[in-house]
Amino acid sequence: MLIKEFSLTNFRNYKNLHFTPHEKLNIFLGDNAQGKSNLLEALFVLSLGKSYKAQKEMEIICQKEDFSQIKASIEENFQTKLVNILWTKEKFLIKKLIKLDGNTCRKISLFYGQVKSVMFSIFDLKIITEGPIWRRRFLDFLISQINPIYLKTLIQYYQYLKMKNSLLRSNNNLILIEALNEKLVDLGLIIILKRQEFIKKFTPIFYDYFSLFNKKKILLTYQANLSLNNNLKETYKKKLEKLLEEEIRKKFTLCGPHLDELNFSLDGFPIRLFGSLGEQHLTVLALKFAQAKLLFQETKTWPILILDDCISSLDLNHQKSIGNLILNAGQIFLAFTELPLFINKFSGNYYFIKQGVLSCY
Ligand SMILES: Nc1ncnc2c1ncn2[C@@H]1O[C@H](COP(=O)(O)OP(=O)(O)O)[C@@H](O)[C@H]1O
Ligand SMILES: [Mg+2]
């Protein structure tokens with residue numbers, strides 16, 4: 001997968017930007033707060049259809065402007081896709097229009113996964129250090145880019161879950177809750193089994209990458225919120241029935257894939273509690289490289305790799321390992337404040353960013 005052309009209008013601190021990326025390596029250099037992360041954020045919007053970090057979409061529109069736009073031409077297997085995303089301010093609301101080859105995508109699920117990419121930023125350390133929602137998000141994004149049906153199932157599951165939780169908070173209509181439980185069991189099962197299947201494929205790849213960085217023994221385990229025995233459907237149903245009283249008391253659904261967890265340990269100790277900052281950082285980088293490799297294996301094309309400040313807190317040897325991995329992937333976008341030594345001789349496009357203006361380095 002390749003970004004052939006990319007342009008921004010009024011995106012954060014960019015008024016206008018247009019560039020033709022190198023098909024392999026693209027490096028952005030610049031001081032703090034010049035727009036490196038903003039540009040990488042915009043590149044990743046091509047996959048998510050939204051910003052990975054903005055709390056409200058309003059934030060990405062350049063201050064004092066009333067619209068923002070991303071346009072890109074993407075190539076995959078010699079076919080070109082045109083992506084156009086437009087945000088417009090309408091009083092206090094934001095209207096978003098996503099077009100793929102000129103056709104409006106009415107549902108984000110129709111757009112998601114069209115442009116496959118993997119991003120790393122300092123934000124992603126949360127996968128290790130914060131609550132399980134960050135780990136589920138990582139896993140769900142990984143599977144959704146490969147399997148659109150999974151994404152559809154996930155969206156439906158969360159819609160039914162929201163309905164059930166609102167019933168638990170309000171009128172406890174038991175007949176409706178039972179009907180919703182049926183739906184949750186059917187959809188939840190698909191999610192759990194897909195997660196299990198993907199983790200099985202993903203872990204050996206992840207371990208391989210991590211072993212390039214660190215000799216300690218890493219372990220990743222998927223901890224489903226249900227015991228994964230033969231009679232999964234019955235177990236799931238029975239557990240929901242058993243928990244109903246407690247759910248009514250707590251006003252929340254207490255069983256299902258929305259409570260699944262991924263555990264990471266290093267030599268038997270949870271990385272979240274005992275890992276050094278560097279080890280946590282390398283764990284997340286190994287996750288991201290493994291995500292890219294799995295996408296490559298499943299789709300036969302490398303996703304776009306976007307790495308924002310991926311070597312801060314890493315020593316020189318680890319920086320070199322990252323350098324070797326970069327050479328063995330597809331199109332890459334990297335941002336640094338200074339050109340790292342390990343990258344010196346790689347051929348690609350080198351850009352300098354100053355106050356939202358891109359120039360050749
Ligand atoms: N909506 C916006 N309009 C204008 N400027 C913005 C907007 N959002 C963020 N910025 C500016 O972008 C700059 C940060 O850019 P960033 O890409 O994070 O820098 P870095 O080069 O360090 O990665 C900040 O100065 C911030 O004020
Ligand atoms: Mg930055």
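The values are calculated or read from the model by the stated rules, or taken from the named source; none is laboratory data. Note that the structure is a prediction, hence the values are computed from the model and not measured. Cβ atoms come from the backbone with ideal geometry, glycine included; neighbour counts cover every protein chain shown.
For segment 36-54, enumerate the residues that are under 18 Å from residue 355 (Cα atoms) and either touching a Gly at 6+ places or on another chain (Cβ under 8 Å) or outside the structural domain of residue 72 (by TED's automatic domain parsing) (or both).
36, 38
Just the residues that are touching a helix residue (DSSP H, G or I) at 6+ places or on another chain (Cβ under 6 Å) and either within 16 Å of ligand 2 (Cβ to nearest atom) or among the acidic types (Asp, Glu) (or both), please, taken from segment 54-76.
If the condition is that a residue be touching a helix residue (DSSP H, G or I) at 6+ places or on another chain (Cβ under 6 Å) and either within 16 Å of ligand 2 (Cβ to nearest atom) or among the acidic types (Asp, Glu) (or both), then 54 is the only one that fits.
Looking at 285, 243, which one is buried (at least 19 other Cβ atoms within 10 Å of the Cβ) and more than 16 Å from ligand 1 (Cβ to nearest atom)? Full working, then the answer.
Details: 243 fails: buried (at least 19 other Cβ atoms within 10 Å of the Cβ).
Being buried (at least 19 other Cβ atoms within 10 Å of the Cβ) and more than 16 Å from ligand 1 (Cβ to nearest atom) holds for just one of 285, 243, which is 285.
With (1) touching a Leu at 6+ places or on another chain (Cβ under 9 Å); (2) over 23 Å from residue 185 (Cα atoms); (3) touching a residue at least 40 places away in the same chain (Cβ under 8 Å); (4) not hydrophobic (A, V, I, L, M, F, W, C) as the list, and residue 84 as the residue in question, which single condition is left unmet?
(3)
If I filter segment 254-261 for residues that are more than 16 Å from ligand 2 (Cβ to nearest atom), touching a residue at least 24 places away in the same chain (Cβ under 8 Å), assigned by TED's automatic domain parsing to the domain that holds residue 159 and under 21 Å from residue 217 (Cα atoms), do I get at least one hit?
Here is the first cut: in segment 254-261, the residues more than 16 Å from ligand 2 (Cβ to nearest atom) are 254-261.
Now restrict to residues that are touching a residue at least 24 places away in the same chain (Cβ under 8 Å): 255-261.
Still in the running and assigned by TED's automatic domain parsing to the domain that holds residue 159: 255-261.
When the remaining residues are screened for being under 21 Å from residue 217 (Cα atoms), the result is 261.
Yes, segment 254-261 contains at least one residue that is more than 16 Å from ligand 2 (Cβ to nearest atom), touching a residue at least 24 places away in the same chain (Cβ under 8 Å), assigned by TED's automatic domain parsing to the domain that holds residue 159 and under 21 Å from residue 217 (Cα atoms).
Does segment 1-26 hold any residues that are of a type in the set (S, T, N, Q) and on the phi < 0 side of the Ramachandran plot, and which are they?
7, 9, 13, 16, 20, 26 - these are the residues of segment 1-26 that are of a type in the set (S, T, N, Q) and on the phi < 0 side of the Ramachandran plot.
Only residues that are crowded, with 17+ Cβ neighbours inside 10 Å, within 16 Å of ligand 2 (Cβ to nearest atom) and among the polar types (S, T, N, Q): list them for segment 14-53, please.
Residues satisfying the conditions are 26, 34, 37, 38, 51.
Listed here are the residues, each with its yes/no results for (1) under 20 Å from residue 44 (Cα atoms); (2) in contact with a Gly (Cβ under 8 Å, 6 or more places away or on another chain); (3) crowded, with 18+ Cβ neighbours inside 10 Å; (4) modelled with pLDDT of 95 or more.
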residue: 257; (1), (2), (3), (4): no, yes, yes, yes
residue: 293; (1), (2), (3), (4): yes, no, yes, yes
residue: 317; (1), (2), (3), (4): no, no, no, no
residue: 324; (1), (2), (3), (4): no, no, no, no
residue: 329; (1), (2), (3), (4): yes, no, yes, no
residue: 333; (1), (2), (3), (4): yes, no, yes, yes
residue: 342; (1), (2), (3), (4): no, yes, yes, no
residue: 346; (1), (2), (3), (4): no, yes, no, no
residue: 354; (1), (2), (3), (4): no, yes, no, yes
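In the set 37, 51, 47, 7, which member is assigned to a loop (DSSP other than H, G, I, E, B) and under 29 Å from residue 311 (Cα atoms)?
Criteria check complete, one pass: 51.
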